[in-house]
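Quick notes on the structure that follows.
The values are calculated or read from the model by the stated rules, or taken from the named source; none is laboratory data. Owing to the predicted nature of the structure, the values given are computational and were not obtained by experimental measurement. A quick note on method: Cβ atoms are made from the backbone with ideal geometry, for glycine too, and the neighbour counts reach across all protein chains shown. All accessible areas refer to the heavy atoms of the entire protein, side chains included, with ligands and DNA or RNA removed. Shrake-Rupley method; radii C 1.70, N 1.55, O 1.52, S 1.80 Å.
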Amino acid sequence: MTTLHPVPSRNVPLPVRTGPSLGAAPWETEFPKDVWHARALGIAARSQVTVHFDNITRPWLKQLAKRWARWRLTTGLTVESAVLGTKAVESFNAFLDSTRIPVTGTADIDREVIEGFLAYLHTHSAGAPSHRIRIGQFNTFLLTMRRHGWVTDLPSTAQIYTEDYPKETVRQPRALSEHVMAQLENPENLAKMASPHHRLITVILIRCGLRISDAVALTQNCITRDKDGAPYLRYLNHKMKREALVPIDEELERAIAEQISYVNGTGNSGTRLLFAHDRVDVYGAGHISASSYTNALRSWVRECNVTDENGTPAVVSPHRFRHTLGTRLINLDVPQEVVRRILDHDSHQMTAHYARLSDTTIRRHWEAARKVNASGSVVELDPDGPLAEAAWSKQRLGRATQALPNGYCSLPVQKTCPHANACLTCPMFITTADFLPQHREHRTQVVQIISAAEARGQQRLAEMNARVLGNLDRIIQTLDNETHANPDHLHEENNRAGR
């Protein structure tokens, strides 16, 4: 086991640094401390700049936690990752404080201790996102110690298995409603945000969907162009460890140029950061922190008295802007692959999280719309009925596989329709006011067919189409009643018809 480094006296002053690259051996200076400063180690921290070990009271455990954190940081993981790991070890230390099981070193960490720790985490953090994170991080800690041979006495039973993890809660999309967004995007409210840093960050989060840690770390050369001259915001996606691009408009491009002029005019002319703060400490100048922006955002939301539809103060966080952009794009029928690329998701599963809300939106409009069958009778579907979910799934399948030019087929997809182009005489046909232009056009065509059939003496053909004409008249009359009662719907219909 690695021995502890001596801790320097509190009276020894910190070495003066003018930048993160100075200092012969920063790890020799920082490693013995209970609080590591990222910039002192030459690490460009984003949202968190310190790693704390002061709550890990067992020397042998603290030493291993430090060694693990140092190894992770030197492999390129972020300070945030090191903090998450350290907090997991801190939780294990707190568990040992609460139990009578004697654990004096890694040799005592067996399956019984692991199960006790799992029970401790369940008691203190069940249902919280940190629950699974703590388990996963501590499991990585055990695996890393064993893999790299940091200890040789860790029992083989000191393992965490897949079934030890609590079931992951499916979290609902956290997009902000348009009612809240209208208040946040109001120019008068944006003007109340005193700091130009915070104002521009807010606009970037809303329009580009960046994570806050990526937004505050933007550099002044963050604008790039394609071959057509269209501007893009270029940033480092620290979670995926890659550069990403988001298309932006000329207005945001001008705002970024104004921000660069502002930063360079505040004594930070030598910085490459877009959101460099004015304070220069012993470790050099850095960008404003994610936490300082988050605090400013909350204060601004309170000052502007932003409320939800019920008049309750709105809960706004930086990451909810990202969810909101994804949901807005999905609801505008932007292809999911395009949304995935804009948000720079690594998997379609993450982007599909936003698509669920789009399905909810479509379903709400479908349930609210007046639906009539082929005879013009109103079809009632109970959105709260016991078969509501199944009925909606069937409608979604019908829309995807049996969509018609003038309505939807409600015949189960497992069955085959025996009628060829006879939907207006079919009891399974359902339509809404969205198709009024098609129904009117169809009626004109049917009248022409009947007139021609009668002129040629084709009585059977005229009778068949007369039934269709009667159904069309009843459908149009029923749906017309809805549009007259709802002028907004009539306006949308006219737009779709090109009037």
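Here residue 168 passes the criteria (1) assigned to a loop (DSSP other than H, G, I, E, B); (2) under 18 Å from residue 254 (Cα atoms) except the one numbered (2). Filtering segment 122-138 to residues that are over 13 Å from residue 85 (Cβ atoms) and at pLDDT 90 or above leaves 122, 123, 124, 131, 132. Considering segment 186-202, and only residues there that are in a loop (DSSP other than H, G, I, E, B) and polar (S, T, N, Q), the residue that is nearest to residue 264 (Cα to Cα) turns out to be 195. Screening segment 78-123 for residues that are hydroxyl-bearing (Ser, Thr, Tyr) and over 23 Å from residue 34 (Cβ atoms) and picking the one that is surrounded by the most Cβ atoms within 10 Å (Cβ to Cβ) gives 120. Here the helices (runs of 4 or more DSSP H) wholly within segment 213-332 that include at least 3 residues being among the hydroxyl-bearing types (Ser, Thr, Tyr) and open to solvent by 30 Å² or more (accessible area, probe 1.4 Å) are 290-303. Being at pLDDT 95 or above and outside any strand (DSSP E or B) is true of residue 205. Taking residues in segment 96-111 that are more than 11 Å from residue 58 (Cβ to Cβ) and hydrophobic (A, V, I, L, M, F, W, C), and partners anywhere that are open to solvent by 80 Å² or more (accessible area, probe 1.4 Å) and not in a loop (DSSP other than H, G, I, E, B), the pairs with Cβ atoms closer than 8 Å and at least 6 places apart or on different chains are 101/112. Taken as a whole, segment 254-261 holds at least one residue that is touching a His at 6+ places or on another chain (Cβ under 9 Å) and of a type outside the set (Asp, Glu). Please find, within segment 131-146, the residue that is surrounded by the most Cβ atoms within 10 Å (Cβ to Cβ) out of those that are touching a residue at least 40 places away in the same chain (Cβ under 8 Å) and among the polar types (S, T, N, Q). Among them, the one singled out is 137.
Scanning segment 147-170 for residues that are open to solvent by less than 60 Å² (accessible area, probe 1.4 Å) and either of a type in the set (S, T, N, Q) or in contact with a Ser or Thr (Cβ under 6 Å, 6 or more places away or on another chain) (or both) returns 151, 154.
On inspection, residue 499 passes the criterion of being outside any helix (DSSP H, G or I), at pLDDT below 85 and open to solvent by 60 Å² or more (accessible area, probe 1.4 Å). Could you check how many residues of segment 295-346 are farther than 16 Å from residue 192 by Cα, at pLDDT 90 or above and β-branched (Val, Ile, Thr)? Adding up the residues that qualify gives 5.
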